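The structure under discussion appears below in the form of structure tokens.
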Amino acid sequence: MRALMPLAALVSMLAALPLLGGLVRGGDWWVPAALLMAATTAVSALYRLSGRNSLPVPFLQVFAAALLFTPLFAPGTGFLGVVPTPATFGHAWALFEQGVHNINVSAAPVVPSEGLRMIIALTFLVFAVTSDFLAVTARCPGMVGGLLLALLVVPLTVDDAGLTWVQAGACAAGFLALLATDMWVRSRSWGVMVPDGPDPVSRFNARAVRLATVGAAASTAIVLALVLPLAVPSLRTDAFYTMADDTQFGSGDNVTTTHPLVSLRRDLASSSDRTVLTYRSDSDSPEYLRTYVLDAFDGENWTMSPVYAGRDSGLDDVLPLPEGWEQDTGTPVTTQVSLESDAPRMEFLPLPYPTRSVEVSGDWYVDSDTLMVFTTDTPPTGFSFTAESARTEPDAEALAGAGVPRSLSRDYLDLPRDLDESVRELTDSLTENADSAYQRATALQDFFTGGSFTYDLSPPSVPGGADPLVHFLMEDRIGYCEQFAGAMAIMARQADIPARVAVGYTAGEQMGDGRWAVSVGDAHAWPELYFEGTGWVRFEPTPSSSRGQGSASVPEYTSGADVEPAPIPDTEPSERDAPEPSETDEEEPRPAPEESGSAEEEPTEAAGDTAGGAGNTTGMPWQPVVGGLLGGLLLLAAPALARGLVRWSRRSALASPGAPGAHTAWRELRDTCIDLGVDWSLTESPRATALRLSNLGRDGTPLPADVRAALWRLALAEEAARYAPDPAGGGRLAEDLGTARSGLAAAAAGGDRWRAVLLPRSLAPWRRPRIEAAAAPAVP
Amino acid sequence: MSLGTQHDGHGGGVLGDVGDVVSVADRVRGAIETVIEGKPEVLRIALTVLLAEGHLLIEDVPGVGKTMLAKALGRAVDCSVQRVQFTPDLLPSDITGVSVYHQDRSEFEFNPGPVFANIVLGDEINRASPKTQSALLECMEERQVSVDGQTRELERPFMVVATQNPADMEGTYALPEAQRDRFMARVSVGYPSPQAELDMIDTHGSRSPLEQLTPVTDTAEIRSLVDRIQGVHVAPGMRRYVVDLVNSTRTAPELKLGASPRATLHLVRAARAHAALEGRHYVVPDDVQALAVPVLAHRLLPGPEAQMERLSAEQIVAKLVARLPVPGPR
């Protein structure tokens, strides 16, 4: 009987395991979780069979889990194979980091690493211990529903596919089983079941009534669950596509009206498997598909200058020549794009640059400067179009020899005047040995891809007041494509190279047969730099491959090749062009060496900061952990703080003479007693209360004499304040109150004392003594 | 009126008066305790009733010192004490007194009865006929005696201490509720503790300590104390508390008969005296709580349910007191 509830709690948690089935690939990820939960349940059930006080159960459970943890996840590190040692913790930490990385970079469903399995197992372990405590020790099995809800939210937020009936049903069934078991156990403790009636008919009727009651309650709950969300505003999932006309540095803190970062990050992180579009291309290595061009930087965000949809900007057979082109010199590449019907609507077409012509039905316009193709109508979903682009392979030599841009608007060099000076110093130091615009551009790109930056889809937030750009470049160096692209475009403009930010998709994943699939996770941003004679050229500062944006590719021409003026192979160019920064490529960037002379203090400081920042980022993400711990502590301390606030607010009233002071002291004494779990009766006069409290010492002994005297004085003061015509007041109320409080606390049991501090009951209005309605007869 | 004028001057003056009360009461108490030992509670009630100008009903078995208490009280205060042994053949005139015709002077002369005293001890009051009982009770209420169309005031303080024997009820006329109501309080003396009884053997063995008792105050001082006690402050919340308490006896399902409005007045007066005896110039709930049972219980009639549960009126009053919230902060 006693072991039944732990088992029911276990069943409910096991039934919740399939919730993660859609997020994790493979068949055995749940085994360690199930093993740990079974072990803790066994501990709980066996201990409860002994009939002792059940408070130590969670500790025993954690102990058992710790013993099981070592052979499961860190075999060979434990003492005697089971007792965790420091090596075990080191191993577990490494696994944890691996798991976090696993979660960060992969999209659902994830092939689980050992670390991810450990994280899942530990999560379920915590849930199992908590549910055991809630359902069995605290006898509130309904609260386990909260835990299950937390688990339900995971697949719903991460995977847009949501839940299957089987998963949701299993979870609900496990919960219902727990509740039913609890009811059964409770009713058993009442003794024999009383039959519903003397004869079969009345028994049948009673059962029918019961079923109807249950049915009515259940259907009310279901109807509410279906109807209520309609009345509540919800988040849009296509926010990025409709609002992504600016790009930000940092994250959350600087979000203004629109919220593209979050949606972009969400799309990248969650469902990279969801295909947005597929296309067929002539080319073996197709270009990125560009949707927007952001050309203006306002200090925090890259935004798009307005585009005009007029008669003269309608989409013709042939698009205007791209900027910087004298004539069409490229190889024609045909790209047939089909948008998925469930992808968000696109007002701007994703096109390979430079586009020469687009065949698409409907009213579409083209922006002649940027060659963006867009519509002002609501675009259909799931349509197809064909685009022809002129593919050119800019060669490094030509780029290197590009002169000063002549025909281009100076707008592409505009930067806010109040841009932080340290950014310019960084740019100068990076490009100081580069002769040409091209060398400066590659030096900048190498700076980003050199290894000192960390790609992270959920970067830690920028501290309040910090310049997000400076923070990204100098401090933490964590970000994703938007930060990389935006920062490089800014620095390119500082290096006198016209630059802008393009937003769209990478080429995606080849499906064979000339077909490519682009998924939500391929959303990307990159800088485009202008070179006279060649036009706009794509650069790629975002780290690619598994540690970065997976499907991004660094264009060949930007890595130099074997061209004379440009510095030679791969990472070498920067070494030759800028010997000082080059060594930073290996370790950490030191943008301004002392010899540069232009700045004495700042750069070293920046370097130091950078080193510190890099150190932080290579370690585990401690900030969220510390933040979470602090938040948790704060949450734990909140009642105590509130109680302290109440006490503090009474301090001034205590000093006031006459009745108010005495009343305040007495109220504080009352709250102290309620906190400590000492009875407080409204039918007791003050002096009777004081006498009773005076005998509350341990084991029925009286309290110390000074405490008794203090209590007595407080009672007399309160009595006079209540009943005397001229309450004298004053005296040493605050002092007496302190004595009484500490005396009462010292006499209380340890548990009560802690409870009084952490969970002061006096904060709850229903804990205060109240006059029973029947006890106060009305006077006619 | 006197209450009004004294109330205006509350504060230090009243406090000083109350200090007098305490010192006088302590003296009286100390004097009586040389005679009756180990009964501070009964003494306190007796003093309270004396200062509140009420009458006391002592209900107890014979020989526990009921009479001794009354006599000691009278001697300590230095006032006249008369004792009336109630018997079935006692007549009203045996209490109030009669006018006797003097043939030589050809006029009626009034011979005052035992009621003309400061403290009248009515022993076994329930043995007298109702007619005689009511004569005494009339004097108690009105504090005057009317004989032959002439009204004679009784001297203050006037206190009747009546005793009843609850064990031997044969051939008695139990006091009706209406007459019990005139007594301010009812106490029972109870047997002394073994130690007190041992001490008693020593003190009472040779000669009566009552004779050694010297007066510690006089009637004039008692009268002034009684007047000053009227100035003891009763906060509005406390008045309400008393009314609520008395009212709760009327609505309590366990009681067939609740307390009268006279009970309310008695309770307030007694509470004032009790507060003064404790050296306070204002009444607190503890005064009312301490007096609720002695002042209220003898006026109540438990209902059939309470009788079935063997709940006495005292227990019911205690329960009502425990249920009633004390007046909180103003």
Straight-distance crosslink candidates among lysines, where the alpha carbon sits under 17 Å from B:Lys71 and sequence neighbours closer than 8 are dropped: B:Lys39
Estimated dipole of the protein assembly as shown in Debye, rounded to 20 [Cβ of Lys and Arg +1, of Asp and Glu -1, Cα centre]: 9240 debye
Rel. contact order, % - alpha carbon contacts under 8 angstrom, at least six apart, chain B: 24 percent
Nonlocal amide H pairs with B:Val189, under 5 Å, H built at 1.01 Å: B:Glu59
Extreme residue, positive dipole direction of the protein assembly as shown, given options B:Leu50, A:Trp184, A:Ala653 (C-beta unit charges): B:Leu50
Residues in segment A:344-365 that a label on A:Ala517 would reach, taking backbone N under 19 Å of a point 7 Å out along Cα→Cβ: A:344
Leading residue at positive end of dipole, the protein assembly as shown (Cβ point charges), from A:Leu473, A:Leu277, A:Val24: A:Val24
For residues of B:284-291, the mean tally of beta carbons on other chains within 10 Å: 4
Check: segment A:312-415 dipole with +1 on Lys, Arg Cβ and -1 on Asp, Glu Cβ, in debye: 160 debye
Inter-probe distance in nm under a simple model that places probes 7 Å from Cα toward Cβ, at A:Arg2 and A:Ala216: 4.0 nm
Under the Debye formula (equal points on every Cα, no solvent term), log10 I(q)/I(0) of segment B:196-289 at q = 0.16 Å⁻¹: -0.78
Beta bridges by DSSP in segment B:9-228, antiparallel share as percent, to the nearest 5: 40 percent
Cα centroid of segment B:25-70 to Cα centroid of segment A:6-79, whole Å: 75 Å
Sites B:Leu311 and A:Arg139, calculated FRET efficiency, Cβ-Cβ separation with R0 41 Å, nearest 0.05: 0.60
Cα coordinate range in segment A:1-54, projected on the principal axes (Å, largest first): 42, 16, 13
Equivalent-ellipsoid semi-axes of the protein assembly as shown, from the Cα gyration tensor, Å, largest first: 99, 34, 28
Using a Förster distance of 22 Å, the FRET efficiency for B:Arg239-A:Ala728 (Cβ separation, nearest 0.05): 0.50
Of A:Thr375, A:Val518, A:Ala720, farthest towards positive along the dipole that unit charges on Lys, Arg, Asp, Glu beta carbons give the protein assembly as shown: A:Ala720
Karplus 3J(HN,Hα) series, Hz, for segment A:709-717 with 6.51 cos²θ - 1.76 cosθ + 1.60 (x for Gly, Pro): 5, 5, 4, 4, 5, 4, 5, 5, 5
All lysines inside 22 Å of B:Lys256 as judged from Cα atoms, apart from same-chain residues fewer than 8 positions distant: B:Lys319
Computed E for A:Phe59/A:Thr157 - FRET, C-beta separation, R0 41 angstrom, nearest 0.05: 0.80
Student exercise, segment A:4-191 dipole from Lys, Arg, Asp, Glu Cβ charges, in Debye to nearest 20: 620 debye
Whole-number D in µm²/s for segment B:232-330 (Stokes-Einstein; Kirkwood sum over Cα pairs; 37 °C, 0.692 mPa s): 242 µm²/s
Square roots of five times the Cα gyration tensor eigenvalues for segment B:76-182, Å: 25, 17, 13
For A:Leu277, residues with placed amide H under 5 Å, excluding near neighbours: A:Glu340, A:Val518
3J(HN,Hα) from dihedral phi, segment B:283-298, Karplus parametrisation 6.51/-1.76/1.60, rounded to Hz, x for glycine, proline: 8, 10, x, 4, 4, 5, 5, 5, 9, 4, 5, x, 7, 9, 4, 6
Antiparallel bridge percentage (DSSP; both residues within the protein assembly as shown; nearest 5): 75 percent
Segment A:627-775: proportion of alpha-carbon pairs further apart than 18 angstrom, %: 59 percent
Karplus 3J(HN,Hα) series, Hz, for segment B:188-193 with 6.51 cos²θ - 1.76 cosθ + 1.60 (x for Gly, Pro): 10, 6, x, 6, x, 6
Sparse-neighbour loop sites [trypsin sites (Lys or Arg not before Pro); segment A:39-147; at most 16 other C-beta within 10 Å; DSSP]: A:Arg52, A:Arg139
Principal semi-axes in Å for segment B:122-189 [√(5λ), Cα gyration tensor, largest first]: 23, 15, 9
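Since every read-out is calculated from the coordinates, none of them should be taken as a lab result. Keep in mind that this is a model prediction, so the values were computed, not measured. Here the Cβ is made from the backbone with ideal geometry for all residues, glycine too, and neighbour counts use every protein chain on show.
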